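Chemist: The structure that follows is given in the form of structure tokens.
The values are calculated or read from the model by the stated rules, or taken from the named source; none is laboratory data. Since the structure is predicted, the reported quantities are computational estimates derived from the model, not experimental observations. Here the Cβ is made from the backbone with ideal geometry for all residues, glycine too, and neighbour counts use every protein chain on show.
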Amino acid sequence: MQLTEKDIEELLEDTKFGAKLQKQELVAVKVVFNVDRNSAKSFEKTWGYKGDPGKQYTYKGYADLKLQAGDYAVVDSPTHGLTVVTVVEVTPWEGGHSGYKLIYGRVDRGGYEELARKAIRRKEILQTLSRKTANALRLKTFEELLGTDKEAAALIRELKSI
């Protein structure tokens, strides 16, 4: 036997946990599914989706998720299961509890963005160190030539004077 959303709501009302959840402030969250508009035709062919890839859908969510426009969230899509969506708008909840699915959660990209920033900085540092190492090796080679090769010594003196 599969529980319907109404069955789940009734169970939640009968438990302490459910009572706590029912007291939490709800918000209406408008979202768009993250579909590449350039591949919408391929998406339609694969999934049979014929709507506007930018169409907004409303889910309900708990205010303590602190969702804002531009955030990513996870929802249970009727056709694709758990899916990442982009939040478009968050407003106070004015409807009842049935008929709308809950947002599973907010996707925290902060950790990823910090790792990405560190990777970029690491690459910059390594490139700078590699360039400095190459320059140091070149200078060392020039210094060795100064004492052993008269032509190289003359060229290095000329280079320094330019």
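Chemist: Given the conditions (1) at pLDDT 75 or above; (2) in a loop (DSSP other than H, G, I, E, B); (3) charged (D, E, K, R), which single one is not true for Lys50?
Modeler: Evaluating Lys50 over (1) at pLDDT 75 or above; (2) in a loop (DSSP other than H, G, I, E, B); (3) charged (D, E, K, R) leaves (1) as the failure.
Chemist: Continuing with the same structure: Taking the stated definitions as given, is Ile125 modelled with pLDDT of 85 or more and β-branched (Val, Ile, Thr)? Please lay out each step first, then the result.
Modeler: On the way: modelled with pLDDT of 85 or more: yes; β-branched (Val, Ile, Thr): yes.
Yes.
Chemist: Still on this structure, I have one more. Return the residue satisfying two criteria in turn: it lies in the range 92-145 and is touching a residue at least 24 places away in the same chain (Cβ under 8 Å) and charged (D, E, K, R), and of such residues it is nearest to Pro78 (Cα to Cα).
Modeler: Lys101
Chemist: Sticking with this one: Yes or no: Ile120 within 46 Å of the chain's Cα centre (by Cα), of a type in the set (Val, Ile, Thr) and closer than 30 Å to Gln24 by Cα? Even if it seems obvious, please write down each step before you answer.
Modeler: Numbers: within 46 Å of the chain's Cα centre (by Cα): yes; of a type in the set (Val, Ile, Thr): yes; closer than 30 Å to Gln24 by Cα: no.
No, not satisfied.
Chemist: In this structure, is Glu114 assigned to a strand (DSSP E or B) and farther than 25 Å from Lys6 by Cα? Explain how you work it out, then say what you get.
Modeler: Details: assigned to a strand (DSSP E or B): no; farther than 25 Å from Lys6 by Cα: yes.
Against the criterion (assigned to a strand (DSSP E or B) and farther than 25 Å from Lys6 by Cα), Glu114 does not qualify.
Chemist: In addition: Does the range 97-107 contain at least one residue that is among the hydroxyl-bearing types (Ser, Thr, Tyr), outside any helix (DSSP H, G or I) and closer than 14 Å to Phe33 by Cα? Explain how you work it out, then say what you get.
Modeler: Filtering the range 97-107 for residues among the hydroxyl-bearing types (Ser, Thr, Tyr) gives 98, 100, 104.
Now narrow it down to the ones that are outside any helix (DSSP H, G or I): 98, 100, 104.
So of that shortlist, the ones also closer than 14 Å to Phe33 by Cα come out as none.
Among the residues of the range 97-107, not one is among the hydroxyl-bearing types (Ser, Thr, Tyr), outside any helix (DSSP H, G or I) and closer than 14 Å to Phe33 by Cα, which makes the answer no.
Chemist: Something else: Test Val88 against the stated conditions and say whether it is among the hydrophobic types (A, V, I, L, M, F, W, C) and farther than 12 Å from Ala28 by Cα.
Modeler: On the way: among the hydrophobic types (A, V, I, L, M, F, W, C): yes; farther than 12 Å from Ala28 by Cα: no.
No, not satisfied.
Chemist: Does Leu159 satisfy the criteria of being of a type outside the set (Asp, Glu), part of a helix (DSSP H, G or I) and modelled with pLDDT of 90 or more?
Modeler: no
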